[in-house]
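Q: Sharing a structure here in structure tokens format.
A short reminder: the numbers here are calculations on the coordinates, not readings from a lab. Computed from a prediction, not measured in an experiment: that's the story for all the values here. Virtual Cβ from ideal backbone geometry, glycine too; neighbours counted across all protein chains shown.
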Amino acid sequence: MRIGAVTIFPEMFRAITDYGVTSRAVSEGLLQLETVNPRAFTADRHRTVDDRPYGGGPGMVMKPEPLEAALDSAVDAVGGSARVVYLSPQGRLLDQSLVEALAEEPALVLLSGRYEGVDERVIEARVDDEISIGDYVLSGGELASMVLVDAVVRQIPGVLGHSQSAAEDSFADGLLDCPHYTRPERFHDRPVPEVLLQGDHERIRRWRLKASLERTLARRPDLLEGRVLSKEEQELLAE
Ligand code: ADE
């Protein structure tokens with residue numbers, strides 16, 4: 001997948017290009033990440049990318065011309081056609097089903113805003129989707145863009161090893177993840193649940209599914225609202 005990131009802080013994206021699963025995706029050619037800095041598309045001595053808001057009020061707004069030029073350059077850099085996403089608290093909430101849909105795209109361009117936001121006319125003219133990563137306000141879109149990239153890249157076939165496939169992720173089946181344990185068998189007087197020590201894979205699968213269901217019901221009952229429980233899931237919950 002090709003991703004273009006429009007940002008005045010391109011170095012921040014080293015958090016995904018230099019570490020962990022996303023870094024491996026880059027070195028294996030499964031993810032190509034190009035950053036484009038709107039400051040490169042300014043003509044003044046100070047490389048100004050922001051200006052005061054019409055109508056007054058606090059804060060600054062990102063100017064449309066450098067952003068538009070940077071977006072066009074980023075779209076070119078990822079092959080000429082890409083879904084353009086603006087990260088902002090006003091956007092549609094990111095969830096696993098949106099992550100899976102975005103992972104089907106061959107190319108994305110992610111626009112990270114700073115200051116109070118970007119001139120609305122850039123959004124109208126160039127942005128396909130406005131996406132929020134949660135109901136809180138960050139100081140800029142970069143961390144949100146990186147959250148989106150990380151979640152999307154996990155879905156690309158070959159990025160996760162066999163033992164950690166995305167199908168096993170929490171949320172892949174609409175449920176929270178079950179608890180996990182490793183050695184030692186006792187820790188602060190707490191034993192590992194007996195069933196996990198016995199090697200009966202069918203019993204372990206059922207124990208994990210039941211734990212996921214119970215957790216989801218206790219912590220995030222909203223996730224179960226639109227979801228039809230299978231016969232097995234109903235039985236496990238009733239046990
Ligand atoms: N930029 C600032 N806050 C954000 C949020 N919650 N989601 C996406 N982009 C943002």
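Q: Name the GluC sites (Glu not before Pro) in region 15-108 that are in a loop by DSSP and that have at most 11 other C-beta atoms within 10 Å, would you?
A: Within region 15-108, the qualifying GluC sites (Glu not before Pro) (loop, at most 11 other Cβ atoms within 10 Å) are Glu28, Glu104.
Q: Only loop residues by DSSP count here, and only those with at most 16 other Cβ atoms within 10 Å; note down the trypsin sites (Lys or Arg not before Pro) in region 44-84 that meet that.
A: Those that pass, being in a loop and sparsely packed, are Arg45, Arg47.
Q: Still on this structure, please answer the following. For the chain, set up a Gaussian network in which alpha carbons nearer than 10 Å are linked by springs, and say which option among Ala25, Ala218, Ala70 fluctuates the most.
A: Fluctuation is largest for Ala218.
Q: Taking a label point 7 Å from the Cα of Gln32 along the Cα→Cβ vector, which residues of region 107-149 have an amide N closer than 16 Å to it?
A: Residues passing the 16 Å test: 107-110.
Q: Just from the alpha-carbon atoms, what are the Rg and Dmax of region 170-238 in angstroms?
A: Radius of gyration, then largest Cα-Cα span, for region 170-238: 13.4, 39 Å.
Q: Over all alpha-carbon pairs of region 25-77, lay out the pair-distance distribution in 10 Å bins, whole %, shortest bin first.
A: Final binned percentages: 23, 35, 26, 13, 3.
Q: For the chain, find the longest principal axis of its Cα atoms and tell me its angle to the long axis of helix 142-153, 0 to 90°, nearest 10.
A: Tilt of helix 142-153: around 50 degrees.
Q: Something else now. Suppose we take every Cα in the chain and form the convex hull; what volume per residue is that in Å³?
A: Hull volume normalised by residue count: 183 Å³.
Q: Dipole of region 2-153 (Lys/Arg Cβ +1, Asp/Glu Cβ -1, origin at the Cα centre): which of Ala69, Ala125, Val149 lies farthest to the positive side?
A: Result: Ala69, furthest along the dipole toward the positive end.
Q: Below 8 Å, C-alpha to C-alpha, sequence gap of six or more: please give me the relative contact order for the chain in percent.
A: In percent, rounded to a whole number, it is 19.
Q: Still on this model: State the antiparallel share, in %, of DSSP beta bridges confined to the chain, rounding to the nearest 5.
A: Here the antiparallel bridges make up roughly 15 percent for the chain.
Q: When Lys and Arg each count +1 and Asp and Glu each count -1, what net charge do the other residues less than 13 Å away from Val75, Cβ to Cβ, add up to?
A: -3
Q: What number comes out for the charge environment of Pro157, summing +1 per Lys or Arg and -1 per Asp or Glu over other residues with Cβ under 12 Å away?
A: -1
Q: Another question, if that's okay. Might you report the magnitude of the Cβ-based charge dipole of the chain about its Cα centre, with Lys and Arg at +1 and Asp and Glu at -1, to the nearest 20 debye?
A: For this selection, approximately 540 debye.
Q: Evaluate the relative contact order of region 58-164 (contact order divided by residue number), counting alpha-carbon pairs under 8 angstrom at least 6 apart; express in whole percent.
A: 36 percent.
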